[in-house]
Structure formats: structure tokens, C-alpha cells
């Protein structure tokens, strides 16, 4: 009998956000596939879980997927986890999932924390639909081009950004989206979590005075005209 691949969501910062089902699955599987073995060991040690860990990344996933599937074909069970949040969303894992389907191996979701959904839920923006873009290219020109292409979309857009590039990206947002309302969330669910809401110039001025550390989620709101259309449709 073939094994099962469990795609397990893990905390995005606060280790207490792990679900009971995720703990059960991590305890019960034969081995764990992790994006970052060192980072994942912090969570596993916190839960007192000792398992064989196979590391994968975007460069090794294709080769490792075949190795992992061989274990699953022999009846072993496996949990796929990422450094934080839900695997396969701007993280490795999709090739492994597809390889499992190719060989008739069952894949099950173990849902839990998501930086995207968590950020939207506390943004204060009206969200009937949204676009998740993820990580942006490093070059300024490419970012501005992307922002201009996205600027007419009638719903909020979610981006991830690192501390090294947050100020540059905010400047590009101003150039690509003009004076749009944005929400920037720093270190979500962690000790130094902070949310800044406002028009882009106001947000940029705020972050110029701050110590730029941690990971960021940026949400660019829809155009004002689209906001009015949405409110009218709800009345």
C-alpha cells in the first residue's frame, strides 16, 4: 500500500499557532520534508518531535522528489513543511506534489497559518477578491513596470518583501500606483509585529524614521473609484 504526502502549514512566527492536527501528523509520519532543516528543527524541537528530515529547495527539489516518492511508494508517510506558513505558496513543494500525483500517491492538506490571509484579515480593507503576487524582482525598473500593469486591477494586491528592499519597493509603489492607500505589516504574529496603514507617501515617511528589520507583507488597495463601485453594489 502506498504512503501519503501531507502538506502541512506551520506557524508564520508565533510557534503557538501550530494546529492540533498538524502536531498529530508531524508525530505520526515516518519522515519530514523541509525547505530549511535548521529553521524547521526549531519548531520540531519545540514540539519534542524527532524525525528523519529531508531538505529540499528550488534547486534540489526535482531530484529529491524522485527519492521521496520512492519512500512513499514503499508505504511510508511524509509531511511537507516550509520555513513558515503553507508550503507550495512562494515556496518549494509543487514539484514534489505533482510527482506524487504522477505516481498515484495520495496528497492531503493540513491547513493552518497563512501570511496572506492573516494580513488581509487585519488590513481593514474590503476584500471580496484579491491578487497574491508574492515576492517581487529586485530591479527597480521591473518592479515599476509590474506595478503599472497591476494598477488598474479592481481589488487589493498582496506582496512579500524583505527588509533590504522595503524602502525601494515603497518608492516603486508610489511611482507605479501613484498615491494609493497601502497597508504594511511587519513581523506578523511575532513580538515586534506592527501595522502601518495610510497613503503611500505617509507610509514612506514613517518607515524613513524606523529601524528596518524583519519580514514585511505589503497590501496595495484598489483604486478609489473601484472602492466606490464596490460600496454601491453592496447597498
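The values are calculated or read from the model by the stated rules, or taken from the named source; none is laboratory data. None of the values given here were measured: they were computed from a predicted structure. As a convention, Cβ positions derive from the backbone with ideal geometry for all residues, glycine included, and neighbour counts pool all protein chains shown.
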Exercise. Could you list, in sequence order, the residues of region 127-153 that are assigned to a loop (DSSP other than H, G, I, E, B) and closer than 18 Å to residue 200 by Cα?
Worked result: 136, 151, 152, 153
Problem set entry | Unmet requirement for residue 48, which otherwise passes all of (1) assigned to a loop (DSSP other than H, G, I, E, B); (2) in contact (Cβ under 8 Å) with a residue 24 or more places away in the chain | (2)
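Yes or no, residue by residue, for (1) surrounded by fewer than 20 Cβ atoms within 10 Å (Cβ to Cβ); (2) free of Cβ contacts under 8 Å to residues at least 40 places away in the same chain; (3) over 16 Å from residue 6 (Cα atoms):
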| position | (1), (2), (3) |
| --- | --- |
| 67 | yes, yes, yes |
| 71 | yes, no, no |
| 76 | yes, no, no |
| 82 | no, no, no |
| 86 | no, no, no |
| 107 | yes, no, no |
| 118 | yes, no, yes |
| 122 | yes, no, yes |
| 128 | yes, no, yes |
For this session: Please enumerate the residues belonging to region 101-126 that are in a helix (DSSP H, G or I) and within 26 Å of residue 13 (Cα to Cα).
Result: 115, 116, 117, 118, 119, 120, 121, 122, 123
For this session: From the list 190, 196, pick out the single residue that is touching a residue at least 24 places away in the same chain (Cβ under 8 Å), surrounded by 14 or more Cβ atoms within 10 Å (Cβ to Cβ) and either within 27 Å of residue 91 (Cα to Cα) or assigned by TED's automatic domain parsing to the domain that holds residue 10 (or both).
Result: 190
Problem set entry | Lone unmet requirement of (1) surrounded by 20 or more Cβ atoms within 10 Å (Cβ to Cβ); (2) in contact with a helix residue (DSSP H, G or I) (Cβ under 9 Å, 6 or more places away or on another chain); (3) within 29 Å of residue 199 (Cα to Cα) for residue 132 | (1)
Problem set entry | Qualifying positions in region 15-30 - surrounded by fewer than 17 Cβ atoms within 10 Å (Cβ to Cβ) and without any contact (Cβ under 8 Å) to a residue 60 or more places away in the chain | 15, 16, 20, 23, 24, 27, 28, 30
